[in-house]
Amino acid sequence: MKDYIERIENCAAFLTDFFGTVPSTAIILGSGLGNLANELTDVKSIAYGEIPGFPVSSVEGHSGILSCGKLDGSPVLVMQGRFHFYEGYDMKTVTFPVRVMSRTGVKHLFLSNAAGGMNPDFSVGDIMVITDHINLFPEHPLRGKNLDMFGTRFPDMGEAYSARLTEKAFAIADEAGIRLQRGVYVGSQGPTYETPAEYRYFRIIGGDAVGMSTVPEVIVARHCGMEVFALSVITDLGLEGVVNKCSHEEVQRAAAAAEPRMSHIIKRLAAYCCRN
């Protein structure tokens, strides 16, 4: 544990030195959604492999670049590519970047992902604001000795996703004529896509969409006291009698089609966080 904390501190110090002042808002971009980073101005970037102690993503469509710049004038830190439990990383490695962000002064964390929809009101291409989650990962990211420097042993998860930012996102979407859904995200291990029976099960227990990421990062972000906002792009459906065959390429295409709408919301929300 001492070595893990030292890695976090050394990495945070390296990034603070590399970027200068690290913004208080960070964005973790998911599958097929990395183009938002191309809109940054006054940008400085570094590959994960060049950051001491940082893991390296192995998933197609995840660039593995950390950038600091301005998004429509708002300073942000952007992670292009995340780390997944299914890649073989343990949870401390999966959530390592969030710990580092906390030590650099990040207060607001935005996340995006691609997800399969179980809610019959959803369609492929919809954007869902995550209002809650169900954690079905086999390992909890806070398992083990508590890191008291970050947060309490038993963090409250009654509002894992910021109600303030959720309502602001819906106001932004209404103003722009963007249709948003809201719902519960089920986090599962992967890497297989779900069977029809699994989709039915996730729906029965209260899920609206399912994916293989986000939940561990959110838990650790809340442990660190960050305010969290997250979006899912519904890239495939697992409805009764309408289960679609799914591939990573199809997920990327559906996510890319939704990207302009998602980008608008994230840009406006980043500006809101800068002012508030």
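The values are calculated or read from the model by the stated rules, or taken from the named source; none is laboratory data. Quick caveat, the model's predicted, so the values are computed rather than measured. Every residue, glycine as well, gets a Cβ built from its backbone with ideal geometry; the counts of neighbours run over all protein chains shown. Remember, those area values only see protein heavy atoms, side chains included, never the ligands or the DNA or RNA. Shrake-Rupley method; radii C 1.70, N 1.55, O 1.52, S 1.80 Å.
Helix 248-275 and the longest principal axis of the C-alpha atoms of the chain enclose an angle of approximately 50°. Sorted from greatest to least, the principal axis extents spanned by the alpha carbons of region 166-276 come out as 45, 34, 25 Å. Here is the list for region 135-224: trypsin sites (Lys or Arg not before Pro) lying in DSSP coil, each with at most 16 other C-beta atoms within 10 angstrom of its C-beta, are ARG143, LYS145, ARG153, ARG179. Per-peptide packing, taken as the mean over residues of other Cβ atoms within 10 Å, places 187-193, 262-268 in the sequence 262-268, 187-193 from highest down.
Distance between the modelled labels on HIS264 and LEU136, one decimal in nanometres: 3.3 nm (7 Å Cα→Cβ projection). A straight chain from TYR86 to VAL124 at 0.36 nm per residue would run longer than the Cα-Cα distance by 11.3 nm.
Ordered from highest to lowest accessible area with the whole protein assembly present and a 1.4 Å probe, LYS70, LYS107 read as LYS107, LYS70.
How many lysine pairs are close in region 1-153, with Cα atoms under 26 Å apart and the two 8 or more places apart or on different chains? Close lysine pairs under the 26 Å cut-off: 9. Note on ASN10/ASN276: beta-carbon distance plugged into 1/(1 + (r/R0)^6) with R0 of 35 Å gives a FRET efficiency of 0.60. Return, ordered by residue number, the residues of region 203-232 whose backbone nitrogen is under 13 Å from a label point located 7 Å along Cα→Cβ of ALA257. Counting only backbone N, you get no residues.
Relative protection proxy for 223-230, 47-54, 9-16, from highest mean packing down: 223-230, 9-16, 47-54 (other beta-carbon atoms within 10 angstrom).
At the residue level, ARG253 shows approximately 150 square angstrom of accessible surface with a 1.4 angstrom probe and all protein chains present. Surface composition of region 46-202: carbon plus sulfur atoms contribute 49% of the solvent-accessible area (1.4 Å probe, protein chains only, all chains present). From the Cα gyration tensor of region 118-232, with a ≥ b ≥ c the square roots of its eigenvalues, which class applies: rounded if a/c is under 1.5, or else prolate if a/b is larger than b/c, or else oblate? Since a/c reaches 1.5 but b/c is at least a/b, the shape of region 118-232 is classed as oblate.
Relative to the longest principal axis of the C-alpha atoms of the chain, give the angle of the C-alpha long axis of helix 163-176, reported between 0 and 90° and rounded to the nearest 10°. The helix 163-176 is inclined about 60 degrees to the chain. What percentages make up the Cα-Cα pair-distance distribution of the chain when the bins are 5 Å wide from 0? Histogramming the chain at 5 Å steps yields 1, 6, 13, 18, 21, 18, 13, 7, 3, 1, 0 percent. Give me the extension gain from LYS70 to ASN38: residue separation times 0.36 nm, minus the current Cα-Cα distance, reported in nm with one decimal. Gain on extension, LYS70 to ASN38, equals 10.4 nm.
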